[in-house]
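Please read the structure below before turning to the comments.
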Amino acid sequence: MSYVLRHNLTGVALQDLLTLFNAHFPGLVPATTYLFHKAYGQFGQYKPHFYCINCETYIGPSETAPQNCSSCNTEFDIENSLKLGSYFLVLSLSAQIVDILEKPDIHLNTKESTPGILSDIQCGAEYQKFKQTGQMGDDDISILWNCDGIPVFKSNNVQIWPIQCQIVELSPRVQQGNICIPCLWLGNSKPNMATFLTAFVAQLKELEQVGIKSFNKSRDYNGKCK
Ligand SMILES: [Zn+2]
């Protein structure tokens, strides 16, 4: 992916990176360099979203990018931005959720809470309130997300910052093996959160307003994300 190109990774370094990724996110990336190169072209299914090389304002994917930065008016040049690594990677969250829901062994929990016993988020008062007031229907799902940096190598400052999402309505064990990563920041410093989260928030809005459709063997699913 972009990380390999940007840092001119050797085969050994790439293998180390893949091993690290598979330890944190089992199954997310191919486990060997051979499979990696086979599976990914330049970016794989991820798409680069650019930000300004001067002030880091969000610019967006190349097809909708303006000619100049809206904040500082610096000209946007896709080749230069790629060379400087002035972008992060985005992969459709709704497509990842559909992929998970359509796996044959996946079932959404509809957990009834037992008073006094809190075993996960679905038992919590706020979650139950959403259910009882009808703000969350039977076909709706909720997402738990976080964003933390992972140092890649001890010898330099390179970090990977994935936005990780879990579907709350899956059992905790299944959640762990089905983490979605809609946005991935790679660089020598922490992400500019205002820029990085712009693409993620746009995806969440679409999920809430448009929703997703998936067809599981056990039931059709036509829900929105809360
Ligand atoms: Zn700018």
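The values are calculated or read from the model by the stated rules, or taken from the named source; none is laboratory data. Remember, predicted model here, so these are calculated numbers, not experimental data. Cβ coordinates were reconstructed from backbone atoms using ideal geometry, including for glycine residues, and neighbour counts include every protein chain displayed.
What the table shows:
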read-out: Within region 110-226, strands (runs of 3 or more DSSP E) holding 1 or more residues that are at pLDDT 80 or above; value: 143-147, 159-167, 180-187, 212-215
read-out: Qualifying residues in region 72-95 (those that are surrounded by 13 or more Cβ atoms within 10 Å (Cβ to Cβ) and assigned to a loop (DSSP other than H, G, I, E, B)) - the one nearest to the ligand (Cβ to nearest atom); value: Thr74
read-out: Hits in region 96-107 - residues which are in a loop (DSSP other than H, G, I, E, B) and aliphatic (A, V, I, L, M); value: Ile106
read-out: Long-range neighbours under 8 Å by Cβ, at least six apart or interchain, first residue closer than 17 Å to Leu82 by Cβ within region 180-198, second in a helix (DSSP H, G or I); value: Trp185/Phe196; Leu186/Ser2; Leu186/Tyr3; Leu186/Arg6
read-out: Filtered residue count, region 51-71, keeping only those that are farther than 23 Å from Met193 by Cβ and part of a helix (DSSP H, G or I); value: 1
read-out: Residue count for region 53-71, restricted to those that are within 23 Å of the chain's Cα centre (by Cα), surrounded by 18 or more Cβ atoms within 10 Å (Cβ to Cβ) and free of Cβ contacts under 8 Å to residues at least 24 places away in the same chain; value: 1
read-out: Those residues of region 47-64 which are away from the ligand (no atom under 12 Å from the Cβ) and not β-branched (Val, Ile, Thr), in sequence order; value: Lys47, Pro48, His49, Gly60, Pro61, Ser62, Glu63
read-out: Cross-chain or 6+ apart pairs with Cβ under 9 Å, region 78-99 first and over 30 Å from Asn178 (Cα atoms), then part of a strand (DSSP E or B) and among the β-branched types (Val, Ile, Thr); value: Ser81/Ile59
read-out: Output for region 128-176, where each listed residue is of a type in the set (Ser, Thr, Tyr) and touching a strand residue (DSSP E or B) at 6+ places or on another chain (Cβ under 9 Å); value: Ser142
read-out: In region 135-184, the residues that are acidic (Asp, Glu) and under 17 Å from the mean Cα position of the chain (by Cα); value: Asp148
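Results for (1) touching a Lys or Arg at 6+ places or on another chain (Cβ under 8 Å); (2) within 25 Å of Ile100 (Cα to Cα); (3) charged (D, E, K, R); (4) surrounded by 18 or more Cβ atoms within 10 Å (Cβ to Cβ), shown as yes or no for each residue.
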| site | (1), (2), (3), (4) |
| --- | --- |
| Phe130 | yes, yes, no, no |
| Asn157 | no, no, no, no |
| Lys190 | no, no, yes, no |
| Met193 | no, no, no, no |
| Leu197 | no, yes, no, no |
| Glu206 | no, yes, yes, no |
